[in-house]
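S.K.: Shown below is the structure under consideration.
Every read-out reported here was derived from the displayed coordinates using simple, explicitly stated rules and does not represent laboratory data. Quick caveat, the model's predicted, so the values are computed rather than measured. Note: ideal-geometry Cβ built from the backbone for every residue, glycine included; neighbour counts use all protein chains shown.
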Protein chains: 4
Amino acid sequence: MIKVGIIGATGYAGEELVRILLQHKEVEICWYGSRSYVNQPYADIFRNLFEVVTDTCLDDNIEELCKKVDVVFTATPQGYCAGILTEEVLCNTKVIDLSADFRIKDVKVYEEWYKLEHKSPQFIEEAVYGLSEINREQVKGARLVANPGCYTTCSILTLYPLVKEGLIDAQSIIVDAKSGTTGAGRGAKVPNLFCEVNENMKAYGVLTHRHTPEIEEQLGYAAGEEIRLIFTPHLVPMNRGILVTAYANLKQPVTYEQVKAVYDKYYQKEKFVRVLGKDVVPETRYVQGSNYVDVGFKLDERTNRIVAMGALDNVVKGAAGQAVQNMNLLFGFAEDEGLGQLPMCF
Amino acid sequence: MIKVGIIGATGYAGEELVRILLQHKEVEICWYGSRSYVNQPYADIFRNLFEVVTDTCLDDNIEELCKKVDVVFTATPQGYCAGILTEEVLCNTKVIDLSADFRIKDVKVYEEWYKLEHKSPQFIEEAVYGLSEINREQVKGARLVANPGCYTTCSILTLYPLVKEGLIDAQSIIVDAKSGTTGAGRGAKVPNLFCEVNENMKAYGVLTHRHTPEIEEQLGYAAGEEIRLIFTPHLVPMNRGILVTAYANLKQPVTYEQVKAVYDKYYQKEKFVRVLGKDVVPETRYVQGSNYVDVGFKLDERTNRIVAMGALDNVVKGAAGQAVQNMNLLFGFAEDEGLGQLPMCF
Amino acid sequence: MIKVGIIGATGYAGEELVRILLQHKEVEICWYGSRSYVNQPYADIFRNLFEVVTDTCLDDNIEELCKKVDVVFTATPQGYCAGILTEEVLCNTKVIDLSADFRIKDVKVYEEWYKLEHKSPQFIEEAVYGLSEINREQVKGARLVANPGCYTTCSILTLYPLVKEGLIDAQSIIVDAKSGTTGAGRGAKVPNLFCEVNENMKAYGVLTHRHTPEIEEQLGYAAGEEIRLIFTPHLVPMNRGILVTAYANLKQPVTYEQVKAVYDKYYQKEKFVRVLGKDVVPETRYVQGSNYVDVGFKLDERTNRIVAMGALDNVVKGAAGQAVQNMNLLFGFAEDEGLGQLPMCF
Amino acid sequence: MIKVGIIGATGYAGEELVRILLQHKEVEICWYGSRSYVNQPYADIFRNLFEVVTDTCLDDNIEELCKKVDVVFTATPQGYCAGILTEEVLCNTKVIDLSADFRIKDVKVYEEWYKLEHKSPQFIEEAVYGLSEINREQVKGARLVANPGCYTTCSILTLYPLVKEGLIDAQSIIVDAKSGTTGAGRGAKVPNLFCEVNENMKAYGVLTHRHTPEIEEQLGYAAGEEIRLIFTPHLVPMNRGILVTAYANLKQPVTYEQVKAVYDKYYQKEKFVRVLGKDVVPETRYVQGSNYVDVGFKLDERTNRIVAMGALDNVVKGAAGQAVQNMNLLFGFAEDEGLGQLPMCF
């Protein structure tokens, strides 16, 4: 039984962390951190947890918190975690950061895309990029885990085997992604009001979205070269789910079976990545509420390209679920402990 | 470990049974019954269960099925269960019927509201109405459980303490209910198409909906008198959830505290019924995916009436979850085994 | 050709006024008032009007505005119109107020329900309650029109013939209303975010909603007695539409034909009120985008009650459309000018 | 005043034709054709038109119909129009076919992608592809107009200036398209049920969608070469709207201003095509209910590609609206007659 603290427990990712951890056998949540709701009962904000959680929200206090708990999750805006992290904190507790602060190794790239000064670049080097399926072993020994972004997790897992095995021209990649609106956060902004999002679809952050360099960096490691790709996110009138439709030029003609074998090589033993059968496309509903990523692909002989598709629940595998998966790795629990919820497809 | 068969496993309630039972420690599903999809892999229809369920759908065969399993769930259209039930079946297995066939004691009332001839009225008498919180002890010893309707569960649990304790004039009850569209079933009908339901709201079955006599009968037992009430269901553009707003005349002036005490008397020890605090109203999202029913009320001094409200997930507490709760009672498992999923409020 | 100014042009009702008036043959919009967006092109906020509207938003300035235009629409928060109204304004221009400031004749009732001090009670007396179908003649000669609320328009038109003709016990009325989320306004608040409203249903303002006294007052005039009723609004995950389901005790047994005749007596000649056929229920989609109100009813012999139902588009007949209808009456235009848009049912 | 007949008046495109034509000053609808609802009042199926349309649905009878009306719209499944068309029909009336039967000049391509034998290939040659903005002059003199598909209209108008002016490598085009669910038609199929579409997103028809050859053919004319491109449609949980996000390699570096000038060259005088300002992206809500197409673009120096985006209402500009625009051209009416409805953005 370990003790856990959450900073930013009243955002969507924060609530999902709470919900998942409450169903985790090895964990006790000791700190429901929320600046906006200090001293309010947590279950007053998320009334789904009425009679389940009786704790009250606490203000941030990393010095106190790090001495109390075995691991801290920061489900906070960009820049926050970098602003509070110290050697002392990391000596006292593990940190799993759900923001982007420690995802990108080149601090200049971070500062350029995020328009923020990085407050603790000295920890970037040691931070482990927590894409569990790919960096499993490194995560196990980490003090600081940079939990991947929602779009990035979906984009990378969809393309990783193709890039790693050199089937596609990595410079030709185009990622067209679609996300449910929890991805836009729980802040009170007009563009996220029900009547602005409902019955609408749009692209946003075209060519400037901050998950772009993260995808490029990670796929670059797989490719063994620097990559430049296009990433276009879209907002969809649904709560949860990311769907990635990725396009790339094939380096040389391949058969369905060859590509399937490449996907299976990397994912057959992975519980949370499901490679769909021939001609089956991922749908976000089939992963909803679960930690699964579903991937599929189709080959286009007419244009010598591949269309690779992936779907995940942005709040689970794209945020809180993967964070718990990383926690399980850090503490030697079964990797899927607490993550057994089957997808609710309606 | 018991063995379970499901007839009608590919409707919405059927799938939810599968999903819940797969997460139940004491159960093995042996029969995925579905006439429409015989011989097709179950996970081809509900692809959320890809790599989880590898079984194939089987045709109905109650004679064979009843010898193989400890309990059969029938998540089938009205009339089906009554049509297959025999003494031999009930000697071999327990039956939990999610249809209305054995809910109503007076077969004439059933036949009048359902416009069906009842094929096995001889089993009506022994069938136990499976509203777990109210008929817990009778359920334990039953062979045949009539699992309550979704609207009825919500309506009855919302009003039961008020009627039982005589706080309201039971003849003055008006139940205005709103349901998500899973309640309309998975049949291919134009009125249930996305573009017909989305961005729309309507009443349906006004004064003729078949849950009316079921609510009347059960609340009549609580009242100790025959009841006539108005029940109006509405279709809401969301997948899951029922919200009941019920109105009744108070027999005499009461205080908030008095009414609260009456609710607490019946529900304080009930895990799955949550009596909300003062001025808090139930919302369907706060019970979504869970077996909870949330109830609340407000007193109107101006008109001497009470507004009582309840919310549940129609597919869980309104169907599959309550069926599993009844199964737990039948077999002596912990009543909440398999039903621990916390509500997903977004 | 008259000149029109709108204060509050960037809320939902304000935009709908703009959209309707742009399609009105006799009107030129001269003032797009919006405090939040002063000096911004109107079409930057509502980009549906790109290349259609080239004007820029102006700050409030009633002194200047009232001299420029023939009529001012105030689509503003409660208290605003009462705060700016003067004799001088009313000598210069007509005012159609979409807020509640002049709807309620008893200023104490207004102040009690709205928790606001009324800043210009001297104009309450002369203000005409702009429910066009009922107060048509009075509207024609008014200087100040109090445009009715969305819920109230739907509730009153649904019940008016029944109350006026004495078919029902007016003290027994219960109005259960459901509204799309444009009714909650365009303010940036967490409870109105997409992910908080979507896949959810709840009541709100139970027994305290401010449209209650407005419905009571107007139906009271029809009944010839003071009325106390229950009004419960609910929030529905759709953009537009109000559905009212109203319940009342019949004073004496009546036939379908008798009640139908009563509805026809008041509405047969009304273009915008459609009395549906037997057993047809109103659906919000069938009035969407239009100025129609659809009403229907069913009689319950079992309980001697009536269920009366009504549907309208809260932004059109419930706000901007009715305001334009009133403007047409004020200036002697055809009452349906600019209001010819047929409902978009999907 | 011309007379109009509609075959297939009870599908989504058919209803939209009715709704638009009812608001058209020069038209009288004489034939509401619907095989599924013969002899039923049209307003019983689309109750938004209660008290507006009093006609009854008629069965197909092209011989009779073609003698009665000046123009026939066929809003029917693929193959239907080709099956009924004869020289006699075309001598008697104009035909605007909303299906794909006459869109593709090479009958083999049609038969391969549609898996249908073409029943009247002799009329393919004379049929004019009714993309009004591009083929305006040819449409004017046509007997038979092949009204373009919804995806194709959006895809072509988004890319046309770029292809025509040779700014992009036409062989590099990737069109990622997203559509509301009216695009899936009004047939009663499980995958189009509310609970299957809601809270979900998926691609479909990947690499096999039948709008692919239509886009290729038309853009091929603009390019002056045969084109092979990738087109991927997705289903979105909303009623109306198509969003196209298209990607292509730039032939050589260009500035924003250069590209903008190219778009303006083709669209500045086009009422229904709006070229958005710099950094503004199309959103489907801003064209909802209208005949507009909104287009925008962004240049990516990092990859030397362009992202071009377009949005339209699939039922209006993507079907019925464009059909009426073509009718206006055929009969010499103002091109925008009947098409003045401003977008309803919520």
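S.K.: From the mean inverse distance of alpha carbon pairs (Kirkwood) and the Cα radius of gyration, derive Rg over Rh for region B:151-314.
M.R.: Expressed as Rg/Rh, it is 0.98.
S.K.: Show me the trypsin sites (Lys or Arg not before Pro) within region C:271-333 that DSSP assigns to loop and that have at most 12 other Cβ atoms within 10 Å of their Cβ.
M.R.: Of the trypsin sites (Lys or Arg not before Pro), the ones in loops of region C:271-333 whose Cβ has at most 12 other Cβ atoms within 10 Å are C:K278, C:R302.
S.K.: Quick one: what does P(r) look like for chain D with 10 Å bins over all Cα pairs, in whole %?
M.R.: 6, 26, 35, 24, 8, 1, 0
S.K.: Could you give me D for region A:224-346, from Stokes-Einstein at 4 °C and 1.567 mPa s, where the hydrodynamic radius is the Kirkwood radius over C-alpha pairs? Units µm² s⁻¹, please.
M.R.: 81 µm²/s
S.K.: Tell me the net charge near D:V52. Cut-off is 11 Å between Cβ atoms, D:V52 excluded, with +1 for each Lys or Arg and -1 for each Asp or Glu.
M.R.: +2
S.K.: Something else: Loop-only GluC sites (Glu not before Pro) in region D:38-90, please: DSSP not H, G, I, E or B, and at most 14 other Cβ atoms within 10 Å.
M.R.: Passing both the DSSP loop test and the Cβ count: D:E51.
S.K.: Another one. Percent relative contact order of region C:151-314, based on C-alpha pairs within less than 8 angstrom and at least six residues apart?
M.R.: Computed value for region C:151-314: 31 percent relative contact order.
S.K.: List the distances, in nm and shortest first, from the label point of A:G141 to the matching label points in every other copy, placing each point 7 Å from Cα along the Cα-to-Cβ direction.
M.R.: 6.5, 8.0, 9.3
S.K.: By count of other Cβ within 10 Å, fewest leading, how are A:V18, D:V190 ordered?
M.R.: D:V190, A:V18
S.K.: Hey, another quick one. Just to confirm the number: angle between the C-alpha axis of helix D:12-22 and the first principal axis of chain D, 0 to 90 degrees, nearest 10?
M.R.: Its long axis makes an angle of about 70 degrees.
S.K.: According to the square roots a ≥ b ≥ c of the eigenvalues of the Cα gyration tensor, what is the shape class of region C:19-64, taking rounded for a/c under 1.5, prolate for a/b larger than b/c otherwise, and oblate for the remainder?
M.R.: Oblate, since a/c reaches 1.5 and b/c is not below a/b.
S.K.: Can you tell me what the convex hull of the Cα atoms of region B:238-310 projects to on average, as an area in nm²?
M.R.: 5.3 nm²
S.K.: Would you mind telling me which residue in B:T152, B:T54, B:T208 has the biggest mean-square fluctuation in a Gaussian network model of chain B, where springs connect alpha carbons within a distance under 10 angstrom?
M.R.: Largest GNM mean-square fluctuation: B:T54.
S.K.: Helix C:321-331 versus the longest principal axis of chain C: what is the Cα-based angle in degrees, 0 to 90, to the nearest 10?
M.R.: 70 degrees
S.K.: Separate question: Could you please report the charge total around A:K105, scoring K, R as +1 and D, E as -1 over all other residues with beta-carbon less than 9 angstrom from its beta-carbon?
M.R.: -2
S.K.: Plugging the Kirkwood radius over Cα pairs into Stokes-Einstein for region A:2-126, at a temperature of 25 °C and a viscosity of 0.890 mPa s, what D comes out in µm²/s?
M.R.: Taking Rh from Cα pairs, D becomes 163 µm²/s.
S.K.: What share of Cα pairs, in percent, lie more than 58 angstrom apart in the protein assembly as shown?
M.R.: In whole percent, the long-distance tail amounts to 17.
S.K.: I would also like to ask the following. Which GluC sites (Glu not before Pro) from region B:108-147 combine a DSSP loop assignment with at most 12 other Cβ atoms within 10 Å?
M.R.: B:E117, B:E125, B:E126
S.K.: Counting only pairs 8 or more places apart or on different chains, how many lysine pairs in region C:2-126 have C-alpha atoms closer than 24 Å?
M.R.: 15
S.K.: Given a Förster distance of 35 Å, report the FRET efficiency between B:R143 and B:E257 from their Cβ-Cβ distance, rounded to the nearest 0.05.
M.R.: Efficiency computed from Cβ-Cβ geometry: 0.20.
S.K.: Grab the other residues whose beta carbon is less than 10 angstrom from that of A:N147, score K and R as +1, D and E as -1, and report the net.
M.R.: 0
S.K.: What number, in percent, do you get for the relative contact order of region C:65-144 if the mean sequence gap of Cα pairs under 8 Å and at least 6 apart is divided by its residue count?
M.R.: 30 percent
S.K.: Can you compute the modelled spin-label distance between D:R136 and A:C91, with each label point 7 Å from Cα toward Cβ, in nm?
M.R.: In this crude label model, D:R136 to A:C91 measures out at 7.7 nm.
S.K.: Using modelled amide H (1.01 Å from N, peptide plane; none on Pro or chain starts), what sits under 5 Å from the amide H of D:V293, excluding residues fewer than 5 places away?
M.R.: Result for D:V293 returns D:V273, D:R274.
S.K.: Just grab the label-to-label distance for C:S36 and A:T208, each label 7 Å out from Cα along the Cβ direction, in nm (one decimal).
M.R.: 2.2 nm
S.K.: With axes computed from alpha carbons, what is the tilt in degrees of helix D:212-223 against the longest principal axis of chain D, rounded to the nearest 10 within 0 to 90?
M.R.: 60 degrees
S.K.: Moving to a separate point now. Which whole-Hz ³J(HN,Hα) couplings does region B:146-153 yield from phi under the Karplus relation 6.51 cos²θ - 1.76 cosθ + 1.60, θ = phi - 60°, glycine and proline marked x?
M.R.: These are the phi-based 3J(HN,Hα) values: 8, 6, x, x, 5, 4, 5, 4 Hz.
S.K.: Amide H of A:V315 versus every other amide H placed in the peptide plane: which residues, excluding those fewer than 5 positions away on the same chain, fall under 5 Å?
M.R.: Those qualifying (amide H under 5 Å, at least 5 residues apart or on another chain) are A:G241.
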